[in-house]
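*Asks:* Input: one structure, supplied below.
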Amino acid sequence: MGADQDLERKLERRAVRQLAIYTLMVILISVLLLGLNAGLVFGLATTVGESLQFLPLIGPMTQFAIFILPVLLLFVEWYVWDVLSSSRRRNRI
């Protein structure tokens, strides 16, 4: 019984370690993508905001875009990743 329990503990520790590494990698990639998305949206929003200064609500709309669009882009990127990876797995079988 002792050897079986040791093997189960090793397998459990390995699974927990793999899950922790996977979670950290997802967080790291998400932070990287959010940074890239924020830079892209900030550059686009400032360019569009400067060219459309005659609109009365361009300031609040620009701020809204800078805060919301990077997060929405992150969701789209992860969705595309999920679709591509799941279709790749289906084609393998």
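The values are calculated or read from the model by the stated rules, or taken from the named source; none is laboratory data. Every value quoted in this text rests on a predicted model; they were computed, and no experiment measured them. Positions of Cβ are backbone-derived with ideal geometry, glycine not excepted, and every protein chain shown enters the neighbour counts.
*Asks:* Would you point out which residue out of Leu57, Leu7, Leu11 is modelled with pLDDT of 90 or more and out of contact with any Lys or Arg (no Cβ under 7 Å at 6 or more places or on another chain)? Full working, then the answer.
*Replies:* Working: Leu57 fails: modelled with pLDDT of 90 or more; Leu7 fails: modelled with pLDDT of 90 or more.
Result: Leu11 is the single residue among Leu57, Leu7, Leu11 that is modelled with pLDDT of 90 or more and out of contact with any Lys or Arg (no Cβ under 7 Å at 6 or more places or on another chain).
*Asks:* Pairs, please: C-beta under 7 Å, at least 6 apart or cross-chain, first residue under 22 Å from Trp78 (Cα atoms) and in the range 32-60, second surrounded by 14 or more Cβ atoms within 10 Å (Cβ to Cβ) and among the hydrophobic types (A, V, I, L, M, F, W, C)?
*Replies:* Going by the 7 Å Cβ cut-off, the qualifying pairs are Leu33/Leu74; Leu34/Leu74; Asn37/Leu73; Asn37/Leu74; Val41/Ala65; Val41/Ile66; Val41/Leu69; Phe42/Ile66.
*Asks:* Can you tell me how many residues in the range 13-31 are closer than 20 Å to Leu72 by Cα and either over 17 Å from the mean Cα position of the chain (by Cα) or basic (Lys, Arg) (or both)?
*Replies:* Looking only at that region, the number is 0.
*Asks:* Just a yes or no: is a residue in the range 42-53 part of a helix (DSSP H, G or I), in contact with a helix residue (DSSP H, G or I) (Cβ under 7 Å, 6 or more places away or on another chain) and among the hydroxyl-bearing types (Ser, Thr, Tyr)? Steps first, answer last, please.
*Replies:* So in the range 42-53, the residues part of a helix (DSSP H, G or I) come out as 42-51.
Imposing the further condition that a residue be in contact with a helix residue (DSSP H, G or I) (Cβ under 7 Å, 6 or more places away or on another chain) reduces the set to 42, 45, 49.
Narrowing the set further to residues that are among the hydroxyl-bearing types (Ser, Thr, Tyr) leaves none.
No.
*Asks:* Within the range 42-62, does at least one residue satisfy the condition of being surrounded by 10 or more Cβ atoms within 10 Å (Cβ to Cβ), of a type in the set (Asp, Glu) and within 27 Å of the chain's Cα centre (by Cα)?
*Replies:* no
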